[in-house]
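These notes concern the structure reproduced below.
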Amino acid sequence: MDEEVHGIVIVGGGICGLATALALHRKGIPSLVLEKSENLRAAGGSIGVHVNGWRALDQLGIAGELRETADNVTEFHDVWQNENNKSVVVPVRGELRWVKRKDLIETMAKNIPSGAIRFGCHIADIKPANPGSHGAILTTLDGSIIRAKALIGCDGGNSVVAKYLGLSPPKSFPRLIVRGFTRYPHGHPFGPHFLRLRCNGLFVGRSPMTENLVNFFVGVWHPGGSVTKDPIAVRGLVLEKVKEQCSDEIVEMVRDVDTESLIVLTKIWYRPPWQVMFSSFRRGTATVAGDSMHVMGSYIGQGGSAAMEDAIVLARSLSRAAGSGGGGGELCEKKIGAAMAEYVRERRLRVVRLSLESFAMGMIWATKSMLAKLACQAIVAVLGTHSLGHTNYDCGRL
Ligand SMILES: Cc1cc2nc3c(=O)[nH]c(=O)nc-3n(C[C@H](O)[C@H](O)[C@H](O)COP(=O)(O)OP(=O)(O)OC[C@H]3O[C@@H](n4cnc5c(N)ncnc54)[C@H](O)[C@@H]3O)c2cc1C
């Protein structure tokens with residue numbers, strides 16, 4: 001049976017895994033990313049990156065390149081159609097741009113040394129290394145063994161590393177969400193404004209990415225019931241609902257979506273805020289980051305940015321532990337464990353806040369209990385969710 005030994009192993013090559021590998025690389029610390037897909041998972045429309053995410057991207061040294069293909073959005077327009085078109089305009093704090101997931105992932109990957117990402121490597125099981133040693137033994141789906149001195153789980157909501165740490169599986173809200181982007185060859189008429197439109201049981205988000213490209217999602221409340229995951233069929237289903245309730249420009253945007261960019265979700269996964277508050281996110285020299293730590297759905301559009309913040313803080317802690325200058329110092333297991341503990345301490349309150357805000361926003365939409373709705377409305381009012389208070393955060397220098 002094949003057996004390899006490595007230093008820092010990152011499971012998952014999504015936004016968080018690649019950001020972590022890049023951040024470590026910038027500090028002169030090598031790592032190996034193990035990704036189960038056969039190539040970069042670059043599909044999936046775009047994500048909104050607020051000022052906190054741009055600060056992290058600046059530290060990773062790739063913000064400038066990404067800004068070139070993503071225009072700044074300056075205002076949020078919130079419209080409640082079933083309340084006489086009540087509308088509120090919220091200025092964006094700092095910076096907000098919708099970046100194609102493909103651009104983000106590819107830009108990170110090309111800045112990581114070749115050979116540091118291994119594709120087609122699905123980790124099926126993790127066991128602790130021998131007693132007295134903090135490392136972990138990873139088994140791949142095809143039976144190969146990889147020994148890791150340090151293990152970072154960036155393997156998303158359904159994380160094998162989170163399971164190894166003893167974390168509970170995430171929970172879900174039932175939602176039918178279609179997202180993608182639509183091309184406007186002659187320019188779109190929406191200006192630099194993000195629209196959030198609520199109608200009966202329908203939630204539409206529309207954000208310009210460039211002069212000719214607009215990102216959108218449509219969320220439909222579907223408690224229970226089986227739904228096809230075929231993107232074209234779901235687009236048809238959602239289009240019927242949009243036609244009943246929305247203006248022609250929204251109907252056209254959904255109808256003309258670039259089908260390559262279409263993504264369908266039937267559930268929104270989240271780790272409840274009380275789990276984020278009290279879970280132990282470290283076991284010896286293993287920890288988690290990104291969705292594996294705090295999957296939070298899309299209600300405040302912060303999962304990706306929070307994952308990049310995690311990457312910066314974790315790489316900074318590990319680099320401090322390696323000694324000033326980073327690259328030259330030796331990272332023994334004791335130092336790695338202490339650095340990971342420091343990382344978890346530093347991230348805890350930040351990710352609890354984000355998880356709580358996202359959870360409260362989801363519950364306002366999902367719950368039938370008036371009391372729960374009022375409690376969640378109070379939480380978002382106190383935390384300033386609608387005025388984007390959570391975006392005003394700086395994870396610091398790498
Ligand atoms: C509808 C929706 C809209 C969103 N919009 C926004 C937004 O506007 N802004 C924002 O910041 N965030 C947004 N998010 C959240 C954001 O997409 C996620 O938080 C982010 O992608 C998390 O990145 P990650 O790398 O932690 O996890 P993932 O992107 O899930 O990556 C995990 C990677 O690990 C790999 N993997 C999994 N298991 C294994 C294994 N056992 N072995 C090897 N590899 C494995 C997977 O193949 C994958 O590549 C949204 C989420 C949703 C659902």
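Observations, loosely collected:
- Residue identified as assigned by TED's automatic domain parsing to the domain that holds Gly12, open to solvent by 10 Å² or more (accessible area, probe 1.4 Å) and either over 25 Å from Ser159 (Cα atoms) or not basic (Lys, Arg) (or both) among Gly290, Gly284, Gly236: Gly284
So that you can scan it fast, the table gives a plain yes or no per residue for (1) among the basic types (Lys, Arg); (2) near the ligand (Cβ under 10 Å from one of its atoms); (3) under 30 Å from Asn215 (Cβ atoms); (4) in contact with a Leu (Cβ under 6 Å, 6 or more places away or on another chain):
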{"residue": "Val5", "(1), (2), (3), (4)": "no, no, no, no"}
{"residue": "Val9", "(1), (2), (3), (4)": "no, no, no, yes"}
{"residue": "Cys16", "(1), (2), (3), (4)": "no, yes, yes, no"}
{"residue": "Ala19", "(1), (2), (3), (4)": "no, yes, yes, no"}
{"residue": "Lys27", "(1), (2), (3), (4)": "yes, no, no, no"}
{"residue": "Pro30", "(1), (2), (3), (4)": "no, no, no, no"}
{"residue": "Val33", "(1), (2), (3), (4)": "no, yes, yes, no"}
{"residue": "Ser46", "(1), (2), (3), (4)": "no, yes, yes, no"}
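- Of the helices (runs of 4 or more DSSP H) lying entirely inside segment 240-330, those carrying at least 1 residues that are more than 15 Å from the ligand (Cβ to nearest atom), more than 28 Å from Ser31 (Cβ to Cβ) and at pLDDT 95 or above are 248-255, 273-278.
- For the residues Ile112, Ile137, Ile62, Ile117, the requirement of being closer than 27 Å to Gly191 by Cα, within 16 Å of the ligand (Cβ to nearest atom) and open to solvent by less than 60 Å² (accessible area, probe 1.4 Å) singles out Ile62.
- The set of residues from segment 358-398 being in contact (Cβ under 8 Å) with a residue 24 or more places away in the chain and of a type in the set (Ser, Thr, Tyr) comprises Ser358, Thr385, Ser387, Thr391, Tyr393.
- As for segment 80-88, it holds no residue that is in a strand (DSSP E or B) and surrounded by 18 or more Cβ atoms within 10 Å (Cβ to Cβ).
- Selection of segment 146-177 for residues being among the aliphatic types (A, V, I, L, M), modelled with pLDDT under 95 and over 17 Å from the mean Cα position of the chain (by Cα) yields only Leu176.
- Residue in segment 7-30 that is in the same structural domain as Lys334 (by TED's automatic domain parsing), open to solvent by less than 70 Å² (accessible area, probe 1.4 Å) and of a type in the set (Ser, Thr, Tyr) present: yes
- Failed item in (1) at pLDDT 90 or above; (2) among the aliphatic types (A, V, I, L, M); (3) within 18 Å of the chain's Cα centre (by Cα), with Val204 passing the rest: (3)
- In the set (1) open to solvent by 10 Å² or more (accessible area, probe 1.4 Å); (2) within 27 Å of His122 (Cα to Cα), Leu34 fails one condition alone, (1).
- Scanning segment 186-200 for residues that are crowded, with 18+ Cβ neighbours inside 10 Å and in a loop (DSSP other than H, G, I, E, B) yields one hit, His188.
- Filter pass, Gly205 being open to solvent by less than 20 Å² (accessible area, probe 1.4 Å), without any contact (Cβ under 8 Å) to a residue 60 or more places away in the chain, outside the structural domain of Gly17 (by TED's automatic domain parsing) and not in a loop (DSSP other than H, G, I, E, B): yes
- Qualifying residue in segment 104-121 (condition: within 18 Å of Gly205 (Cβ to Cβ) and of a type in the set (Ser, Thr, Tyr)): no
- Complete set of residues in segment 120-134 that are outside any loop (DSSP other than H, G, I, E, B) and within 11 Å of the ligand (Cβ to nearest atom): Ile123, Ala124, Asp125, Ile126
Per-residue answers, yes or no, for (1) open to solvent by less than 60 Å² (accessible area, probe 1.4 Å); (2) free of Cβ contacts under 8 Å to residues at least 40 places away in the same chain; (3) within 14 Å of the ligand (Cβ to nearest atom):
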residue	(1), (2), (3)
Asp142	no, yes, yes
Ile146	yes, no, yes
Ala150	yes, no, no
Gly156	yes, no, yes
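- Of all the residues in segment 344-387, those that are among the small types (Gly, Ala, Ser), over 24 Å from Asp291 (Cα atoms) and in a helix (DSSP H, G or I) number 4.
- Every listed requirement among (1) more than 15 Å from the ligand (Cβ to nearest atom); (2) farther than 22 Å from Arg67 by Cβ; (3) open to solvent by 60 Å² or more (accessible area, probe 1.4 Å) is met by Arg183 save one, (2).
The values are calculated or read from the model by the stated rules, or taken from the named source; none is laboratory data. Since the structure is predicted, the reported quantities are computational estimates derived from the model, not experimental observations. No Cβ is skipped: glycine too gets one built from the backbone with ideal geometry, and neighbour counts run over all protein chains shown. Protein only, heavy atoms only, side chains kept; ligands, DNA and RNA dropped before computing areas. Shrake-Rupley method; radii C 1.70, N 1.55, O 1.52, S 1.80 Å.
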